[in-house]
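Chemist: Starting off with a structure, shown below.
The values are calculated or read from the model by the stated rules, or taken from the named source; none is laboratory data. For clarity, every value in this text was computed on a predicted model and none was experimentally measured. In this analysis, Cβ positions are derived from the backbone assuming ideal geometry, glycine residues included, and neighbour counts consider all displayed protein chains. Remember, those area values only see protein heavy atoms, side chains included, never the ligands or the DNA or RNA. Shrake-Rupley method; radii C 1.70, N 1.55, O 1.52, S 1.80 Å.
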Amino acid sequence: MRLTAILTAILLAGPAMAADGTDPDWPCIQRKQPHLSLGQMWSGPIPDDRIMQLAQDEQISALAARLEQRRLPIETAEAEIAEFAGTTDNDGLTALMVAILNRIEPDRSALIEGIARYGRKQVQLAQAIEKRRETMARLEAADPPDFDAIDAEEEALDWDQRIFIERQKSLTYVCETPVILEQRAFALARAIAGHLQ
(Lines give C-alpha, C1' and ligand atoms only; values in the text may rest on other atoms or scores of the structure.)
Protein backbone atom coordinates (compact mmCIF):
# COMPACT_ATOMS: atom_id res chain seq x y z
CA MET A 1 0.00 0.00 0.00
CA ARG A 2 1.37 3.43 -0.90
CA LEU A 3 2.53 5.80 1.86
CA THR A 4 -0.19 8.35 1.13
CA ALA A 5 -2.87 5.69 1.11
CA ILE A 6 -1.68 4.54 4.53
CA LEU A 7 -1.57 8.12 5.84
CA THR A 8 -5.02 8.83 4.43
CA ALA A 9 -6.43 5.64 5.96
CA ILE A 10 -4.97 6.52 9.35
CA LEU A 11 -6.23 10.09 9.16
CA LEU A 12 -9.71 9.11 8.01
CA ALA A 13 -10.14 6.08 10.28
CA GLY A 14 -8.64 7.64 13.40
CA PRO A 15 -11.17 10.45 13.79
CA ALA A 16 -14.15 8.17 13.27
CA MET A 17 -12.90 5.78 15.93
CA ALA A 18 -11.94 8.59 18.30
CA ALA A 19 -15.25 10.39 18.11
CA ASP A 20 -17.43 7.27 17.89
CA GLY A 21 -18.37 8.27 14.34
CA THR A 22 -20.02 11.51 15.47
CA ASP A 23 -17.54 13.96 13.93
CA PRO A 24 -15.51 12.95 10.90
CA ASP A 25 -13.41 16.14 11.20
CA TRP A 26 -12.08 15.22 14.64
CA PRO A 27 -8.45 14.08 14.14
CA CYS A 28 -7.55 13.28 17.75
CA ILE A 29 -7.32 10.00 19.65
CA GLN A 30 -9.01 11.70 22.58
CA ARG A 31 -12.79 11.60 22.51
CA LYS A 32 -14.29 14.90 21.42
CA GLN A 33 -15.96 16.74 24.30
CA PRO A 34 -17.10 20.00 22.66
CA HIS A 35 -18.15 21.78 25.86
CA LEU A 36 -17.58 21.59 29.59
CA SER A 37 -20.42 22.21 31.99
CA LEU A 38 -20.31 23.16 35.63
CA GLY A 39 -22.34 20.05 36.50
CA GLN A 40 -19.56 17.80 35.18
CA MET A 41 -17.02 18.98 37.73
CA TRP A 42 -18.77 20.89 40.49
CA SER A 43 -20.29 19.20 43.52
CA GLY A 44 -21.13 22.46 45.27
CA PRO A 45 -24.25 24.64 45.22
CA ILE A 46 -26.03 25.24 41.93
CA PRO A 47 -25.38 28.87 41.01
CA ASP A 48 -28.40 31.15 40.89
CA ASP A 49 -28.60 34.61 39.27
CA ARG A 50 -27.07 36.27 42.32
CA ILE A 51 -24.03 33.98 42.24
CA MET A 52 -23.69 34.45 38.48
CA GLN A 53 -23.60 38.20 39.12
CA LEU A 54 -21.11 37.72 41.98
CA ALA A 55 -18.84 35.81 39.56
CA GLN A 56 -18.32 39.12 37.75
CA ASP A 57 -17.05 40.82 40.91
CA GLU A 58 -13.68 42.48 40.24
CA GLN A 59 -11.80 40.55 42.96
CA ILE A 60 -13.31 37.20 41.97
CA SER A 61 -12.74 37.83 38.25
CA ALA A 62 -9.10 38.77 38.86
CA LEU A 63 -8.50 35.67 40.99
CA ALA A 64 -10.22 33.45 38.37
CA ALA A 65 -8.03 34.96 35.64
CA ARG A 66 -4.92 34.14 37.64
CA LEU A 67 -5.99 30.62 38.67
CA GLU A 68 -6.92 29.47 35.16
CA GLN A 69 -3.47 30.22 33.77
CA ARG A 70 -1.69 26.95 33.03
CA ARG A 71 1.71 28.36 33.92
CA LEU A 72 0.55 28.82 37.53
CA PRO A 73 1.40 25.58 39.37
CA ILE A 74 -1.68 23.85 40.77
CA GLU A 75 -0.10 23.86 44.25
CA THR A 76 0.13 27.67 44.11
CA ALA A 77 -3.44 27.84 42.85
CA GLU A 78 -4.60 25.65 45.75
CA ALA A 79 -2.85 27.94 48.24
CA GLU A 80 -4.51 31.01 46.72
CA ILE A 81 -7.90 29.26 46.81
CA ALA A 82 -7.36 28.42 50.49
CA GLU A 83 -6.50 32.04 51.22
CA PHE A 84 -9.60 33.25 49.37
CA ALA A 85 -11.76 30.66 51.15
CA GLY A 86 -10.78 32.24 54.47
CA THR A 87 -12.40 35.52 53.36
CA THR A 88 -15.62 34.28 51.77
CA ASP A 89 -18.55 31.87 52.06
CA ASN A 90 -20.01 29.12 49.85
CA ASP A 91 -21.52 31.73 47.52
CA GLY A 92 -18.13 33.33 46.97
CA LEU A 93 -16.49 29.96 46.34
CA THR A 94 -19.22 28.97 43.90
CA ALA A 95 -18.90 32.33 42.15
CA LEU A 96 -15.15 31.75 41.84
CA MET A 97 -15.76 28.38 40.18
CA VAL A 98 -18.28 29.95 37.79
CA ALA A 99 -15.78 32.70 36.93
CA ILE A 100 -13.03 30.14 36.27
CA LEU A 101 -15.26 28.04 34.01
CA ASN A 102 -16.43 31.20 32.20
CA ARG A 103 -12.77 31.80 31.30
CA ILE A 104 -11.69 28.23 30.48
CA GLU A 105 -14.75 27.12 28.49
CA PRO A 106 -14.55 29.70 25.64
CA ASP A 107 -10.79 29.15 25.24
CA ARG A 108 -11.25 25.39 25.16
CA SER A 109 -14.19 25.57 22.72
CA ALA A 110 -12.13 27.75 20.36
CA LEU A 111 -9.32 25.17 20.52
CA ILE A 112 -11.75 22.36 19.71
CA GLU A 113 -12.98 24.27 16.65
CA GLY A 114 -9.40 24.95 15.58
CA ILE A 115 -8.51 21.27 15.87
CA ALA A 116 -11.49 20.33 13.69
CA ARG A 117 -10.30 22.82 11.04
CA TYR A 118 -6.79 21.33 11.34
CA GLY A 119 -8.24 17.87 10.75
CA ARG A 120 -10.15 19.04 7.66
CA LYS A 121 -6.97 20.58 6.22
CA GLN A 122 -5.06 17.35 6.80
CA VAL A 123 -7.74 15.37 4.95
CA GLN A 124 -7.57 17.87 2.07
CA LEU A 125 -3.77 17.62 1.99
CA ALA A 126 -3.94 13.80 2.00
CA GLN A 127 -6.33 13.96 -0.96
CA ALA A 128 -4.02 16.38 -2.79
CA ILE A 129 -1.09 14.01 -2.20
CA GLU A 130 -3.06 11.13 -3.67
CA LYS A 131 -3.91 13.21 -6.76
CA ARG A 132 -0.23 14.09 -7.19
CA ARG A 133 0.66 10.40 -7.05
CA GLU A 134 -1.94 9.65 -9.74
CA THR A 135 -0.54 12.46 -11.89
CA MET A 136 2.99 11.08 -11.45
CA ALA A 137 1.83 7.61 -12.46
CA ARG A 138 0.24 9.05 -15.64
CA LEU A 139 3.38 11.05 -16.45
CA GLU A 140 5.62 8.01 -15.93
CA ALA A 141 3.36 5.85 -18.13
CA ALA A 142 3.46 8.35 -21.02
CA ASP A 143 5.48 7.44 -24.10
CA PRO A 144 7.85 9.18 -24.16
CA PRO A 145 7.89 10.27 -20.49
CA ASP A 146 8.27 14.00 -19.74
CA PHE A 147 11.09 13.82 -17.21
CA ASP A 148 10.96 17.55 -16.40
CA ALA A 149 7.25 17.28 -15.55
CA ILE A 150 7.89 14.09 -13.54
CA ASP A 151 10.70 15.80 -11.58
CA ALA A 152 8.50 18.84 -10.86
CA GLU A 153 5.58 16.67 -9.73
CA GLU A 154 7.87 14.52 -7.59
CA GLU A 155 9.30 17.62 -5.90
CA ALA A 156 5.81 18.95 -5.19
CA LEU A 157 4.73 15.54 -3.90
CA ASP A 158 7.73 15.30 -1.56
CA TRP A 159 6.99 18.77 -0.23
CA ASP A 160 3.29 18.00 0.39
CA GLN A 161 4.16 14.72 2.13
CA ARG A 162 6.73 16.45 4.33
CA ILE A 163 4.14 19.07 5.38
CA PHE A 164 1.54 16.36 6.02
CA ILE A 165 3.90 14.31 8.21
CA GLU A 166 5.13 17.35 10.18
CA ARG A 167 1.56 18.49 10.81
CA GLN A 168 0.61 14.96 11.85
CA LYS A 169 3.47 14.90 14.38
CA SER A 170 2.37 18.19 15.95
CA LEU A 171 -1.20 16.88 16.17
CA THR A 172 -0.33 15.01 19.39
CA TYR A 173 0.44 18.28 21.18
CA VAL A 174 -2.52 20.09 19.60
CA CYS A 175 -4.92 17.35 20.71
CA GLU A 176 -3.62 17.36 24.29
CA THR A 177 -4.26 21.08 24.85
CA PRO A 178 -8.07 20.89 25.40
CA VAL A 179 -7.48 17.91 27.74
CA ILE A 180 -4.98 19.96 29.76
CA LEU A 181 -7.54 22.77 30.11
CA GLU A 182 -10.21 20.27 31.13
CA GLN A 183 -7.92 18.70 33.74
CA ARG A 184 -7.10 22.13 35.14
CA ALA A 185 -10.79 23.01 35.44
CA PHE A 186 -11.45 19.75 37.30
CA ALA A 187 -8.44 20.25 39.60
CA LEU A 188 -9.51 23.80 40.45
CA ALA A 189 -13.10 22.66 41.04
CA ARG A 190 -11.86 19.99 43.44
CA ALA A 191 -9.66 22.49 45.27
CA ILE A 192 -12.47 25.03 45.61
CA ALA A 193 -15.08 22.42 46.64
CA GLY A 194 -12.72 21.27 49.39
CA HIS A 195 -13.35 24.55 51.20
CA LEU A 196 -17.14 24.49 51.05
CA GLN A 197 -18.83 24.53 54.44
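Chemist: Being among the charged types (D, E, K, R), more than 20 Å from Ala187 (Cα to Cα) and open to solvent by less than 50 Å² (accessible area, probe 1.4 Å) is the requirement here; does Asp23 meet it?
Modeler: Numbers: among the charged types (D, E, K, R): yes; more than 20 Å from Ala187 (Cα to Cα): yes; open to solvent by less than 50 Å² (accessible area, probe 1.4 Å): yes.
Yes; evaluated as a whole, the condition is true for this residue.
Chemist: From the list Arg120, Arg184, which one is in contact (Cβ under 8 Å) with a residue 12 or more places away in the chain, surrounded by 12 or more Cβ atoms within 10 Å (Cβ to Cβ), over 23 Å from Asp23 (Cα atoms) and within 22 Å of the chain's Cα centre (by Cα)? Talk me through it step by step, then tell me what you get.
Modeler: Details: Arg120 fails: over 23 Å from Asp23 (Cα atoms).
Exactly one residue qualifies, and that residue is Arg184.
Chemist: Quick check on Glu68: is it among the acidic types (Asp, Glu), over 12 Å from Leu196 (Cα atoms) and without any contact (Cβ under 8 Å) to a residue 12 or more places away in the chain?
Modeler: Details: among the acidic types (Asp, Glu): yes; over 12 Å from Leu196 (Cα atoms): yes; without any contact (Cβ under 8 Å) to a residue 12 or more places away in the chain: no.
No, not satisfied.
Chemist: With assigned to a helix (DSSP H, G or I), without any contact (Cβ under 8 Å) to a residue 40 or more places away in the chain, open to solvent by less than 30 Å² (accessible area, probe 1.4 Å) and farther than 30 Å from Ala65 by Cβ as the only criterion, which of Leu139, Leu157 stands out?
Modeler: Details: Leu139 fails: open to solvent by less than 30 Å² (accessible area, probe 1.4 Å).
Of the residues listed, the single one that is assigned to a helix (DSSP H, G or I), without any contact (Cβ under 8 Å) to a residue 40 or more places away in the chain, open to solvent by less than 30 Å² (accessible area, probe 1.4 Å) and farther than 30 Å from Ala65 by Cβ is Leu157.
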